[in-house]
Amino acid sequence: MTDTDGDTEARTRRAFRVAYDGTTYRGFQRQPHGDTVEDTLLDACCRLGVLDGDPRPAGDSRETPTGWAAAGRTDRGVSAVAQTVAFDAPDWLTPRAFCGELPDDIRAWASADAPADFHATHDAREREYEYHLHAPEADDDAVDRACERLSGEVDLHNLSADPRGDGTRRDLSLSATRDGAYLRLRARADGFPRECVRRIAGLLAAVGAGERDLAFVDRALDDEPLAGPEGIAAAPPEPLVLVAVNYPDLEFAVDQQAAATAWTVFERRRVERTTGARVAAQLRRGASRDP
């Protein structure tokens, strides 16, 4: 891309914080079929002229800006508060400008200047997820004890869709906090294998319901694989949110206008879903009555 004088436009590595409602996307990472968050971000880059040419169909072969990388590959249906993407960007590309070409359910809201060799995946020190587990009758004490067993230096190969290896050994911090009918599960580590947090949520739900005991939690951390009926299924993706990614050497500046717009957009979605829940509750009450 060139500026008005015909010179090559100067670009520097910049990291953007991005929030998104992932319930209608097939995950973050681009793929040949279906809309993803990454494809939508790259489409915006094309429309802004950060990438040459027109927006391209979804697919792994499409071009990306120099240095393009993201903090994590959230699964289909998973949302994020602080997904982080970094690439070589022109000075004028603020979060506000980025949002101008993004749909309402994806909002850039902060940015940080980064070193030329910064990589949003490899340079992330910690990632933190929160899972909203509907568990009104769970045994909270049992869940807390299970969280203690799962915290520390552990091998999560039985709680992942990835094969066992270096990527399944993590220093995990796990906690559960009662919030009305929900347990807010918070999981923090330098990284997570595929489906790991969702499988942890599934295991804790079973412990809270009395379907699994602490001995099974210990068994899940053993070297021996769990297979067949002993395997731990992943909980649904929609209650999972990537809430934080830590880069110790970056200082993010909030774009106040972009952040205000994001608040408005997601508040509107909150009201819509709360209203939908009230309608569903009325239908449930009505359908339970005698004809």
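Only the coordinates and a few stated rules stand behind these numbers; no lab work does. Not measured: the values here are computed from a predicted model. For neighbour counting, all protein chains shown are included, and Cβ atoms are generated from backbone atoms with ideal geometry for every residue, glycine included.
Numbers at a glance
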item	result
Sites residue 211 and residue 52, calculated FRET efficiency, Cβ-Cβ separation with R0 45 Å, nearest 0.05	0.25
Nonlocal amide H pairs with residue 78, under 5 Å, H built at 1.01 Å	27
Segment residue 184-residue 122, length gained on full extension (0.36 nm per residue, minus Cα span)	19.6 nm
Relative contact order %, segment 142-291, counting alpha carbon pairs below 8 Å whose residues are six or more apart	21 percent
Residue 35 paired with residue 233, simple spin-label distance in nm, labels 7 Å along Cα-to-beta-carbon	2.8 nm
Neighbour-limited loop hits for trypsin sites (Lys or Arg not before Pro), segment 77-143 (at most 11 other Cβ within 10 Å; DSSP other than H, G, I, E, B)	125
Cβ-based exposure ranking for 106, 200, in which fewest neighbours within 10 Å come first	106, 200
Gain upon complete extension [residue 169, residue 113; 0.36 nm per residue less C-alpha separation]	17.0 nm
Dipole magnitude of segment 128-242, debye to nearest 20 (Cβ charges: Lys/Arg +1, Asp/Glu -1, about Cα centre)	260 debye
Residue-averaged 222 nm ellipticity for the chain, from DSSP H runs of 4+ at -39500 (n - 2.57), nearest 500	-9000 deg cm²/dmol
Mean Cβ count within 10 Å, highest first, over the residues of peptides 241-254, 69-82	69-82, 241-254
Segment 217-267 and segment 107-170: distance between their alpha carbon centers, rounded to Å	6 Å
Under 5 Å, built H, 5+ apart or other chain: amide partners of residue 110	17, 255
